[in-house]
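Notes to accompany the following structure.
The values are calculated or read from the model by the stated rules, or taken from the named source; none is laboratory data. A quick note: this is a predicted structure, and the numbers were derived from the prediction, not measured. Neighbour counts are summed over all protein chains in view; Cβ atoms, including those assigned to glycine, are modelled from backbone coordinates with ideal geometry.
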């Protein structure tokens, strides 16, 4: 015989006095109930807010989108933009989901019934943390491996039809090719793939051993460069050997993307690629990679935010308050937006050099952990 109950309050009252085996089964059922509510509310909030975002985004970029083929707008832009936006604001969606369904449970006295049945507040938190783990794993997988390749198409679309943020020119470019080998270009044009007033110097410790100068250098593929009107000077003690010519094909392990860095380039690299790129650029002495380091730390910090905001949301909304669930939702939205705003502000500290990218991106988590612990202890009393 299948038993039916109008809500969890009546169910818990029924099984409270039953044997231990049924009690454990009831708790497992309760876990899945909370997990389904949590993840269902999370998906619902994403769909709802993304619908609003699409309307505003179309309104803002309508003139540009009318110039683009409909196929490109749908499949190159929106198909890739929606997962990107949803993942960027995953902490907001997580917080709203927890606040929404937990406040509803509290208003229906379901939380009180669960706690009165002998389930501790700590035990009640377990299904919340399990659901937060699912969201955290999904968020990290998307940001680390899935969304970066999709961003290539999205950013290419915006550069072509909306606003071109691609960097195609550089000046006074200097970087280390390999230890002891320094390259310099006075100017580089990415349209023609040509650099001007090029030099390549090789050092043995601090002693200059060889120097190549050329009027121009043209990039082909896979580190293949062609130098034109070149002069090579080899220094052997007090002697100097000079070679010159009109054209020379050579291999130099640098690419235009190593020194032409656009504002969104870090979003197109997977986490392993991002880590390799940062290490490679540091070895070459490139200074303007703060955005890449911030992006790397942001992906890990945002994953941890799922747990922190879940703990805050559950602790905040597990008790009835005057004004109903609307008050909890309002507080939740303010806290979640303040978290996102705070993360943006601390990221600017790293860009300006006031602190390291890792510290900058983990400051909000550290502060909100303190808030989470305080609210948890207060709610568990």
Flag if residue 301 is surrounded by 14 or more Cβ atoms within 10 Å (Cβ to Cβ), within 30 Å of residue 354 (Cα to Cα) and modelled with pLDDT of 90 or more:
yes
Filter segment 40-63 for residues that are within 13 Å of residue 81 (Cβ to Cβ) and in contact (Cβ under 8 Å) with a residue 12 or more places away in the chain; the one that is surrounded by the most Cβ atoms within 10 Å (Cβ to Cβ) is 50
Picking from 218, 209, the residue that is at pLDDT 95 or above and in a strand (DSSP E or B) would be 218
Scanning segment 245-287 residue by residue, the ones that are surrounded by fewer than 13 Cβ atoms within 10 Å (Cβ to Cβ) and assigned to a strand (DSSP E or B) total 5
Filtering segment 262-280 down to residues that are touching a residue at least 40 places away in the same chain (Cβ under 8 Å) and within 22 Å of residue 183 (Cβ to Cβ) yields 262
Tell me, please, whether a residue that is out of contact with any strand residue (DSSP E or B) (no Cβ under 9 Å at 6 or more places or on another chain), at pLDDT below 85 and crowded, with 17+ Cβ neighbours inside 10 Å can be found in segment 355-362.
no
Result of the Cβ filter at 9 Å on segment 79-99, keeping first residues that are not assigned by TED's automatic domain parsing to the domain that holds residue 132 and partners that are part of a helix (DSSP H, G or I) and at pLDDT below 90, at least 6 apart or interchain, is none
